[in-house]
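Inspection log for the structure reproduced underneath, given as structure tokens.
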Amino acid sequence: MPVAFCHFNPASLGMGRRWAALALALAAASAQAESAEAGPPRNVVQLAASASVQVQQDLLVLTLSATQDGEDAARLQAQLQRLLDAALAEARRSASPGQVQARSGDFGIHPRYGKEGRINGWQGRAQLLLSGRDFAGITALAGRVQGMAISQVAFDLSPAARQQAESQAQSEAIEAFKARAGALARGFGFAGYTLREVSVSSHENSPGPRPRMLAMAAKAAAPEADMALPVEAGKTQVEVTLSGSVQMR
């Protein structure tokens, strides 16, 4: 019986691969040419819309500080640590989640230099941070803490209040964005539009430091224990901005 032989030529395989690569390159070049002919998207408009909500600040943050000097760094550190521990112990007795919370702040010892540039003593500082939504409880607690004075008063929004304000402002910003996009489409003679892309950003505008000045003056005038310092929160403006592009059609 005759036997058939198949001759394998490696050169022919390499040639086939080169033809396949050439075909892929031609296809890619054709696609790029078609894309170039099509050009950039037409009838696309960039626009932005914002909305803001004014909301009452519901979070108070009091910073209590103590500064002491000493000749021995270790002894000074121990004194400040005892003072801070006593302040934290007092704060824990009044602590309530979300209403009155306490934590330690900055704590450090630094050298004090004389005229000749040599260390002639040490200065230390300890802080206690009181925060929460119970303004009266926090300020009363600050009056009971011994050896520490109020160094800063700040107001903010609680996470729940911020989320609610951002959600409301975002809904209003979306409606404003849609209304502006529709008006632009009609103004240019189009029946409508489709949304291409959009980005969302938010920020707050808070009032100045007037409540801090009131609180500091009250502390100096009436330092009696259990005396709630008169602090007054302001309002903050939560603004949400939408920016993006629409395809008119």
With the range 27-177 reduced to its Cα atoms and the Debye formula applied, log10 I(q)/I(0) at q = 0.09, 0.15, 0.21 1/Å amounts to -0.54, -0.87, -1.16
Ordering of 180-193, 122-135, 151-164 by burial proxy (mean other Cβ atoms within 10 Å per residue, highest first) = 122-135, 151-164, 180-193
Ordering of 169-177, 95-103, 136-144 by burial proxy (mean other Cβ atoms within 10 Å per residue, highest first) = 136-144, 169-177, 95-103
Cα centroid of the range 88-114 to Cα centroid of the range 165-202, whole Å = 47
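A short reminder: the numbers here are calculations on the coordinates, not readings from a lab. On a predicted model such as this, the values are computed, not experimentally measured, just so you know. No Cβ is skipped: glycine too gets one built from the backbone with ideal geometry, and neighbour counts run over all protein chains shown.
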